[in-house]
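Just so it is clear, none of the values below were taken in a lab; they were calculated from the coordinates. Just so we're clear, the structure is a prediction, and the values are computed from it rather than from any experiment. Heads up, the Cβs are rebuilt from the backbone with ideal geometry, glycines too, and the neighbour counts pull from every protein chain shown.
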Amino acid sequence: MMVKILLVNASPRKKSCKEMIDFAIPLIKKNVFEPQILNLSEKDINFCKHCDYCKTHDHCTIDDDCNSLNSEMAKADAIIFVTPVYFGGMTGQLKTVFDRTLPIRRNGFQLKDKIGAVFTVGGSRNGGQELTIADVMAFMHIHGMIVVADDNHFGGTVHNPFSEDEFGQETVKSTTEKVCRLLKRLN
């Protein structure tokens, strides 16, 4: 079975995070892992109503793309969340997805022991990237995931434009390579 790394693009504008994803994919393939990209901009995802339906069922009662997204995350061996910084935090799209993962947490902690990492992009070097990563890492800890960062920061921290941010590119590379090294050790 091929080891799968899921890259969740949380940007409503695909290009914002696409460069980071395109940069990471050859590194993932070089390590003989299968990358899969999910663009939240292409998904119909509604807000959690906290109806508690998932306390007694293995899926959400809301009929949208979130149940299939939860299924894809549960099947992945590693997940890299990729988000621009919006007012010092993740996009609303990503937060909505996180809120909707309750069914896979309540029904067997399906993300537990999966490897998780984060790439962020902001408008400047100190544009809220590390705050955003900390929020995403909190989500991963709540799900019992194995949280991975680069070798001396929180993860991929980039400022626009990506093509001109050599330091940011190095953090994305380092984070991706660390995810791959850990996957090799665990498999």
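With a cut-off of at most 14 other beta carbons within 10 Å, and DSSP calling the residue loop, which trypsin sites (Lys or Arg not before Pro) in the stretch 95-165 qualify? Please list them.
The qualifying sites are Lys112, Arg125.
Hey, fewest Cβ within 10 Å first, where do Met90, Met20, Met73 land in order? Spell out each step's value before the answer.
Values: Met90 25, Met20 28, Met73 21.
The order, fewest Cβ neighbours first, is Met73, Met90, Met20.
GNM, the chain, Cα, under 10 Å: largest mean-square fluctuation among Glu130, Glu177, Glu72?
Ranking Glu130, Glu177, Glu72 by mean-square fluctuation puts Glu72 first.
What do you get for the angle between helix 129-142 and the principal long axis of the chain? Use alpha-carbon atoms, 0 to 90 degrees, nearest ten.
So the helix axis and the longest Cα principal axis differ by about 40 degrees.
Among Asp63, Asp150, Asp113, determine the one that fluctuates most according to a GNM of the chain built with springs between C-alpha atoms less than 10 Å apart.
Among Asp63, Asp150, Asp113, the largest mean-square fluctuation in the Gaussian network model of the chain belongs to Asp63.
Using only Cα atoms, find the angle between the long axis of helix 66-75 and the longest principal axis of the chain, and express it within 0 to 90 degrees, rounded to the nearest 10.
Between the helix axis and the principal axis of the chain, the angle is about 60 degrees.
For the chain, calculate the relative contact order in percent as a whole number, restricting contacts to Cα pairs under 8 Å that are 6 or more residues apart.
Rounded, it is 23 percent for the chain.
Treat the count of other C-beta atoms within 10 Å as a stand-in for reagent exposure and order Tyr53, Tyr86 from fewest to most.
Working: Tyr53 14, Tyr86 18.
Listed from fewest to most nearby Cβ atoms, that is Tyr53, Tyr86.
For Lys178, Lys184, which order do you get if you count the other beta carbons within 10 Å of each Cβ and list the fewest first?
Ranked by crowding around the Cβ, least crowded first: Lys184, Lys178.
How tilted is helix 14-30 with respect to the longest principal axis of the chain? Cα atoms for both, answer in degrees (0 to 90, nearest 10).
Approximately 80 degrees, to the nearest 10.
Which one, Gly128, Gly108, Gly155, has the greatest fluctuation when you compute a Gaussian network model over the chain with C-alpha springs under 10 angstrom?
Gly108
Grab the Cα-Cα distance for Asp99 and Lys49, subtract it from 0.36 nm times how many residues apart they are, and report the gain in nm with one decimal.
Details: separation 50, 0.36 × 50 = 18.00 nm, distance 0.94 nm.
Answer, rounded to one decimal: 17.1 nm.
With N denoting the number of residues in the chain, provide Rg(C-alpha) divided by 2.2 N^0.38 Å, to two decimal places. Intermediate values should be presented prior to the final figure.
Numbers: Rg = 15.6 Å, N = 187, 2.2 N^0.38 = 16.1 Å.
Relative to the 2.2 N^0.38 Å estimate, the chain comes out at 0.97.
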